[in-house]
Structures are given as structure tokens and as C-alpha cells.
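Enquirer: Handing you this structure, nothing more for now.
The values are calculated or read from the model by the stated rules, or taken from the named source; none is laboratory data. What you see is a predicted model, and the numbers here were worked out from it, not measured in a lab. Cβ sites come from the backbone with ideal geometry, for glycine too, and all protein chains shown count toward neighbours. We work out accessible area using only protein heavy atoms, side chains counted, and drop any ligands, DNA or RNA first. Shrake-Rupley method; radii C 1.70, N 1.55, O 1.52, S 1.80 Å.
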Amino acid sequence: MAELRIVVDPAGGEPPFEQIRRQVSDAVDTGALTAGTRMPTVRALAEQLGLAVNTVARAYRELETDGVLDTRGRAGTFVRGDDVEAQARAAAREYATRAIALGLTPAEAVALVERALAHHA
């Protein structure tokens, strides 16, 4: 199991489950967590972070809905995806960072991607 470093700020502006969701998603996007990596159990992560089990369970459910994690019953929870998906996530993250730096709104950035994809279709 890869070492997962998550920091939850109880005084932060976003709920703890969202902080977990964002940090895990970011770790997958950047390649710090790769496809097939086994995640800590909900109970173990909750204990590590000093949070309620339901808080971590909600973050995991949200990450499953987002397509980031896959829970396989007693086998555990794993990072979903393959190498192609991981590369596409990294490219999307780099583009988003660059688009924001250029001053584009999210809608403008998405429109540019849609036009580029339509051109290549």
C-alpha cells in the first residue's frame, strides 16, 4: 500500500470529507497514487486522521462516484484507472493549471478543449 499523506484542517473552509476527497483526487491526478494502489481501510484512515468513520466513508463514496476509487468488498478499496487514464488526468490537470494562469474561466477552458477535440474527431 502506498503511503498516503492526508492533512485535514478542522478549521478549514471545506468539510473534512471534501478535504480528503480533494487530496486523494489530486494525488491520483499527479501520479502520487497510481492505478491499482490499495487504499487504507475507512476505519484505518479515520483513526489516522482522528475523524469519524462516516466522514472517511463519505469521502470514499464520493471518490467512487467520481471514478477515482473502486471498492471491491472485502478485498479493499483501490485506485481505479489504467496508465492511459492516469496520463489523461495528468494532462488535464496541467491544462487546467495553465488555463487558470492565463486568466481563462473554467467555461472558456472547457470550450477550447471541446473545439480541439471536435477538430481531431
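Enquirer: So how far apart, in nm, are the two label points at Tyr95 and Ala118 if each is 7 Å from Cα heading toward Cβ?
Expert: 1.5 nm
Enquirer: For percent of Cα pairs over 20 Å apart, which listed value, (1) 50; (2) 41; (3) 46, comes from the coordinates shown?
Expert: Of the labelled values, this structure produces (1).
Enquirer: If you build a Gaussian network model of the chain, linking Cα atoms that sit under 10 Å apart, which residue out of Arg22, Arg74, Arg98 swings the most?
Expert: Arg74
Enquirer: So which residue, out of Arg89, Arg43, Arg72, gets the largest mean-square fluctuation from a GNM of the chain using Cα contacts under 10 Å as springs?
Expert: Arg72
Enquirer: How much mean residue ellipticity at 222 nm does the chain get from its helices, if each DSSP H run of length 4 or more adds -39500 (n - 2.57) and you divide by all residues, to the nearest 500 deg cm²/dmol?
Expert: Only helices count here, giving -18500 deg cm²/dmol.
Enquirer: Right, something else. What is the chain's relative contact order, in percent, from Cα pairs under 8 angstrom and six or more apart in sequence?
Expert: Across the chain, relative contact order equals 24 percent.
Enquirer: Leaving ligands, DNA and RNA out of it, report the carbon-plus-sulfur percent of the accessible area of the chain at a 1.4 Å probe.
Expert: 55 percent
Enquirer: With the chain treated as a Gaussian network of Cα nodes joined by springs under 10 Å, which of Ala46, Ala96, Ala107 yields the largest mean-square fluctuation?
Expert: Largest GNM mean-square fluctuation: Ala107.
Enquirer: Hey, another quick one. Roughly what would the spin-label model give for Glu108 and Ala11, points 7 Å off Cα along C-beta, in nm?
Expert: 3.6 nm
Enquirer: For Ala75 and Arg22, calculate 0.36 nm times their separation in residues minus their Cα-Cα distance, and state this gained length in nm to one decimal.
Expert: 16.7 nm
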